Amino acid sequence: MTAPQAPPIVLTTQALVAGYERDLPIIRGIDLSVMRGEFLTVLGPNGAGKSTLVKAIAGLVPVHGGAIRLDGQDITASPAHTRVRQGLAFVPQTENIFTTLSIQENLQLAAAILPKDKRQARIAALYDMFPDLSARPRRRAGQLSGGQRQMLAVARALVVKPSILILDEPSAGLSPKVVGDVFARLRAINRSGVTTVLVEQNVKAALGVAGRALVLVEGRVAHEGPAATLGDDPVVAELYLGARHSREAMAT
């Protein structure tokens, strides 16, 4: 019998160095691989470089060393808008929708990247995926609840059928119940075949949906492993997640 083949690697970083100023790097030599279909969460204390890492991958923070590859193609020097066309979808923590536009207009604007004859079918497919959005497509996005806004932001990102979906702190400002709803939807999206990388401060919620987790400390990968066990690691909890924070998060 032949051994089963490992899923192909969608995203890699090699010795990645990044930050807003060349002489003060925030990301300090990170090697990262994300397999197709994987759900990876990136954890760590405040200031560890989590958001900077994914913004550098998305093309929004300068890279000063190393390389980023998407589906085997070097995208290190590609502009952010080109990375979208290459299959990388990024949902930032803030300013991820146009609040003065309707739900439909937000999706139409995102779909402008597609050929004209494919736009309406793709928007219809996203409405099937997000029924809360389809109920009132002409509603102004600024009138949506926090959870609905996040789902609209995710729907916009999925318009291009990306190879990988990267989200930065999607639980920020949401109530615990809404966080649960949003994360359940993210898990369903991942199970539909969308490779997912999630940066998150809500340790319990993130570990509950991810398959693998890594912990950043001072711009470097300090620990990584299965999400189901990483949160119970006393070294990780004490040194990098904060023992008190970890206990409280797991208890809620």
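Within region 188-211, being at pLDDT 95 or above, out of contact with any Phe, Trp or Tyr (no Cβ under 6 Å at 6 or more places or on another chain) and closer than 18 Å to residue 43 by Cα holds for 195, 197, 198, 199. For residue 98, the requirement of being among the aromatic types (Phe, Trp, Tyr), in a loop (DSSP other than H, G, I, E, B) and either at pLDDT 95 or above or on the phi > 0 side of the Ramachandran plot (or both) is met.
Whenever a residue of region 189-203 is under 21 Å from residue 160 (Cβ atoms), its partners that are among the basic types (Lys, Arg) and surrounded by fewer than 24 Cβ atoms within 10 Å (Cβ to Cβ), lying with C-beta atoms within less than 6 angstrom and at least six residues away or across chains, give the pairs 195/36. When you check residue 117 against the structure, is it over 12 Å from residue 102 (Cα atoms), at pLDDT below 95, acidic (Asp, Glu) and in a helix (DSSP H, G or I), yes or no? For residue 117, the condition - over 12 Å from residue 102 (Cα atoms), at pLDDT below 95, acidic (Asp, Glu) and in a helix (DSSP H, G or I) - is not met. The test for being closer than 17 Å to residue 106 by Cβ and not hydroxyl-bearing (Ser, Thr, Tyr) does not hold for residue 213. Within region 87-132, the only residue that satisfies the criterion of being surrounded by 19 or more Cβ atoms within 10 Å (Cβ to Cβ), under 17 Å from the mean Cα position of the chain (by Cα) and more than 29 Å from residue 9 (Cα to Cα) is 97. Given the condition in the same structural domain as residue 39 (by TED's automatic domain parsing), under 22 Å from residue 36 (Cα atoms) and either of a type in the set (Val, Ile, Thr) or out of contact with any helix residue (DSSP H, G or I) (no Cβ under 8 Å at 6 or more places or on another chain) (or both), answer yes or no: does some residue in region 142-156 qualify? For region 142-156, residues in the same structural domain as residue 39 (by TED's automatic domain parsing), under 22 Å from residue 36 (Cα atoms) and either of a type in the set (Val, Ile, Thr) or out of contact with any helix residue (DSSP H, G or I) (no Cβ under 8 Å at 6 or more places or on another chain) (or both): absent. Note on region 1-93: enclosed strands (runs of 3 or more DSSP E) holding 2 or more residues that are of a type in the set (D, E, K, R) are 27-35. Of all the numbered requirements in (1) at pLDDT 95 or above; (2) surrounded by fewer than 22 Cβ atoms within 10 Å (Cβ to Cβ), residue 154 misses one, and that requirement is (2).
The values are calculated or read from the model by the stated rules, or taken from the named source; none is laboratory data. Quick caveat, the model's predicted, so the values are computed rather than measured. No Cβ is skipped: glycine too gets one built from the backbone with ideal geometry, and neighbour counts run over all protein chains shown.
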